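The values are calculated or read from the model by the stated rules, or taken from the named source; none is laboratory data. The structure displayed is predicted, hence computed values, not measured ones. Glycine also receives a Cβ, built like all others from the backbone with ideal geometry; neighbour counts cover every protein chain displayed. Just so you know, the surface numbers come from the protein's heavy atoms only, side chains and all, with ligands and any DNA or RNA stripped out. Shrake-Rupley method; radii C 1.70, N 1.55, O 1.52, S 1.80 Å.
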Amino acid sequence: MSSHQRSQGYAPGAWGSALGPAVPEFDVNNNNSGNPVSPSRSTGTGIAALDAARAAANAPMTGAVGYSTPFGAPPDAHAALRRERSERTDREREKFDRERERERSERDEREREDERRRNGGKPRLRTVLLPHATLPRFLAIASVNTARNLETCGLLLGREVVKGLCLRFFPSSLSCSLSLGRALVTDECVVGSTSGGENPRMRYVVETLLIPKQHATSDTCTMDEEEGVLEFTERRGLITLGWIHTHPSQSCFMSSVDLHTHASFQCMLPESFAVVCAPKSEPSFGIFRLTDPPGLEIVLKCTAKQAFHPHPDRPIYTDADKGHVQMREAALEIVDLR
């Protein structure tokens, strides 16, 4: 410290007098000479070192700072509370879902009871969706027989669907004689795990028009080789929802033969329906089912031997397309086994 500094009351700070005088540097290439290196030859001076230290201190930090003592993550004091709230929310959601399902089931049961009272104790029929393309495509297939005044028949196969989900039900062994002249069921056909109308959210969808091997006249049509039809339906997991046939030269109605044929289908599935196509008549088609009651019971108890015979003057069959059968735009598969 100079005399002027002392006279003015200068007090050195941390960076002041702590730095000693610069030490002369020596020539490292000729260190035996003992001669100090001139500033022009020096590779670094005290001032340069101080500047470098200051620059390093002012430089921005890069990378993570390391510590000698390892520190873990601080404990989460609210984790347990969040877990408890999440578990409570899950339980409340499950309880809410159960309550909604119970209310929906009770509402469905009330609707079924109301429907049974209106229908004399019969359950409500499920909706059956029939593709619009069914009629024109079947008439095109039958056109050759129609020109020869011969009937043509086909089966309408489909599946049971719940809320857009397709559920496949494989029928039990069906020892059935499904002659379209007059069907005779020799074993009960079990479709699905519930009877028709048990769940109002379930419906049937026609997917396939199957043309079986057959022989026909102008007013009858009989299916041949029924084993092939049963094998096809079981292999594909399809159920018979209805049947379709032509009246090539007659009007659109259900003959006594048709009524007995359809009684067997409707015994197996209450929603079963019959489509009659009369291309030379007006109306040109009809979608029918037996009334229940009294039509189904009347036909089943009929003991007439001849094929064509009258029935009591009662409402035996009715329109199904104004009821549970609805036509819509949908894909249709055609399978011809002939």
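Of the listed pairs 213/305; 280/301; 95/322, which have alpha-carbon separations greater than 29 Å here?
Over 29 Å apart, Cα to Cα: 280/301; 95/322.
For labels at residue 333 and residue 85 in the simple 7 Å Cα→Cβ model, what's the distance in nm?
According to this spin-label approximation, the distance is 5.2 nm.
Across the stretch 311-318, in residue order, what do the Karplus-derived ³J(HN,Hα) couplings come to in whole Hz, using 6.51 cos²θ - 1.76 cosθ + 1.60 with θ = phi - 60° and x for Gly and Pro?
Per-residue couplings from phi come out as 10, x, 6, 10, x, 8, 9, 8 Hz.
Roughly how many Å² is the accessible area per residue of the stretch 230-338, as a whole number, for a 1.4 Å probe?
46 Å²
Computed FRET efficiency, Cβ-Cβ of residue 282 and residue 137, R0 22 Å: what is it to the nearest 0.05?
Taking R0 as 22 Å, the efficiency between residue 282 and residue 137 is 0.60.
Tally up the carbon and sulfur contribution to the accessible surface of the stretch 198-243 as a whole percent, 1.4 Å probe, everything protein left in place.
42 percent
Counting Lys and Arg as +1 and Asp and Glu as -1, what is the net charge of the other residues whose Cβ lies under 12 Å from the Cβ of residue 219?
After counting each charged neighbour, the total is -2.
Which parts of the stretch 277-313 would a label at residue 253 reach, counting a residue when its backbone N lies under 15 Å from a point 7 Å out along Cα-to-Cβ?
277-278, 281-286, 308-313
Under the rule of at least 5 residues apart or a separate chain, name every residue whose amide H is placed under 5 Å from the amide H of residue 214.
Sorted by chain and number, the residues that satisfy this are 224.
Under a crude label model (7 Å from the Cα following the beta-carbon direction), how far is residue 98 from residue 306 in nanometres?
6.7 nm
What order do you get for 293-299, 86-92 when each peptide is scored by the mean count of other beta carbon atoms within 10 Å, highest first?
So the order, starting with the most tightly packed, is 293-299, 86-92.
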